[in-house]
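See structure below.
No value in this document is a laboratory result; all are computed from the given coordinates. What you see is a predicted model; the values in this text were computed from it and never measured. Cβ: placed from backbone, ideal geometry, glycine included. Neighbour counts: every protein chain shown.
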Amino acid sequence: MGESTYTVLVADDQPLLRAAFRLLIDSTPDLKVVGEAGTGRETIELAARLRPDLVLMDVRMPDLDGLEATRRIRADPSTAEVKIVVLTTFDVDEYVYAALRAGAAGFLLKNTHPADLLGALRVVAGGEALLAPSVTKRLIEEFARRFAGDPGAPGADLSQVTDRQRQVLLLIARGLTNPEIAERLGVSIATVKTHIRGLLAKLDAHDRAQLVIAAYESGLVRPDPASPPHP
């Protein structure tokens with residue numbers, strides 16, 4: 001087979017939902033569920049044993065929630081490369097900011113269309129952050145507003161970042177893909193990737209999602225006051 005198969009660990013405390021996710025994910029040739037977990041602690045243990053490419057992580061689980069499980073999986077060198085997509089709903093979206101800071105590569109709403117969920121898993125498995133959908137941008141901006149003006153909120157230091165890297169970081173935070181950034185700046189995609197690697201190293205970021213958080217925390221990007229918060 002010429003196409004890669006990405007392995008997925010499904011973490012949710014509801015057995016019926018886990019079964020539904022398994023059926024959906026296993027229905028495609030390039031994604032395969034290798035395990036199911038019903039608690040945060042079980043998710044951590046299975047991630048260490050199975051080393052999946054992806055974890056589809058629910059936020060609300062017993063015996064460690066999804067955010068703490070995400071943080072521990074990403075902090076452990078043996079599982080640091082596992083990519084995590086957090087599942088959330090509008091009524092618990094205060095978790096989104098914390099999930100991205102914990103190392104999640106992105107998040108999905110639980111009412112996401114099945115085809116979009118599969119596409120999102122492929123996007124994250126391929127190394128991109130799940131930040132393009134407009135709903136994601138609104139949520140990130142909303143939480144940037146909440147943290148703006150909070151003197152206790154952590155701030156990213158851009159003092160070591162070059163002018164060109166700042167341009168790339170700004171465009172990443174605006175949701176542009178690598179090809180779009182390359183076109184906007186008149187450079188090659190390889191050059192964009194080089195700048196992103198530099199940003200990851202200088203900002204001590206796990207992935208593209210955390211670069212977006214750094215852009216907001218540093219003040220490089222300001223929430224658009226004209227964009228209203230979601231209902």
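Look at where the Cα atoms of segment 168-226 and of segment 38-85 average out, and the two centres are 26 Å apart. Summarising the amide proton neighbourhood of Leu158: residues at separation of 5 or more, or on other chains, whose placed amide H is nearer than 5 Å comprise an empty set.
State whether segment 1-86 is rounded, prolate or oblate according to the following rule on the C-alpha gyration tensor (a ≥ b ≥ c being the square roots of its eigenvalues): a/c under 1.5 gives rounded; otherwise a/b larger than b/c gives prolate, and the remaining case gives oblate.
Verdict is oblate for segment 1-86.
Scanning residues 5 or more positions from Val55 or on other chains, those with amide H under 5 Å from its amide H are Leu9, Lys83, Ile84, Val85, with H placed 1.01 Å from N in the peptide plane. 3J(HN,Hα) couplings calculated from phi for segment 21-36 with the Karplus curve 6.51 cos²θ - 1.76 cosθ + 1.60 (θ = phi - 60°) are, in sequence order, 5, 4, 4, 5, 5, 6, 7, 10, x, 9, 10, 9, 6, 10, x, 10 Hz; Gly and Pro show x.
Which stretch or stretches of segment 1-43 have amide N atoms under 15 Å from the point lying 7 Å from Ala115's Cα along the Cα→Cβ direction? Residues 28 fall inside that zone. Sorted fewest first by neighbouring Cβ atoms within 10 angstrom, Phe21, Phe107 come out as Phe21, Phe107.
Once you keep just the Cα pairs under 8 angstrom separated by 6 or more residues, what percentage relative contact order results for segment 6-130?
Relative contact order of segment 6-130: 22 percent.
In order along segment 73-89, phi translates into HN-Hα couplings of 5, 6, 7, 7, x, 6, 10, 4, 8, 5, 8, 10, 10, 8, 8, 9, 9 Hz, rounded to whole numbers, per the Karplus curve 6.51 cos²θ - 1.76 cosθ + 1.60 with θ = phi - 60° and x for Gly and Pro. Backbone amide hydrogens, once placed in the peptide plane, bring Ala37 within less than 5 Å of Val10, Ala11, Asp12, excluding anything fewer than 5 places away on its chain. In terms of surrounding Cβ atoms within a 10 Å radius of their Cβ, Lys202, Lys193 rank from fewest to most as Lys193, Lys202. FRET efficiency for the Arg197 to Leu16 pair, using the beta carbon distance and R₀ = 41 Å, is estimated at 0.45. Basic side chains Lys and Arg get +1 at the Cβ, acidic Asp and Glu get -1 at the Cβ, and with that the dipole of segment 30-73 about its Cα centre reaches some 140 debye.
Karplus-based coupling profile of segment 171-186, in residue order and whole Hz: 6, 4, 5, 7, x, 6, 7, 4, x, 5, 5, 4, 5, 5, 8, x, with θ = phi - 60° in 6.51 cos²θ - 1.76 cosθ + 1.60 and x standing for Gly or Pro.
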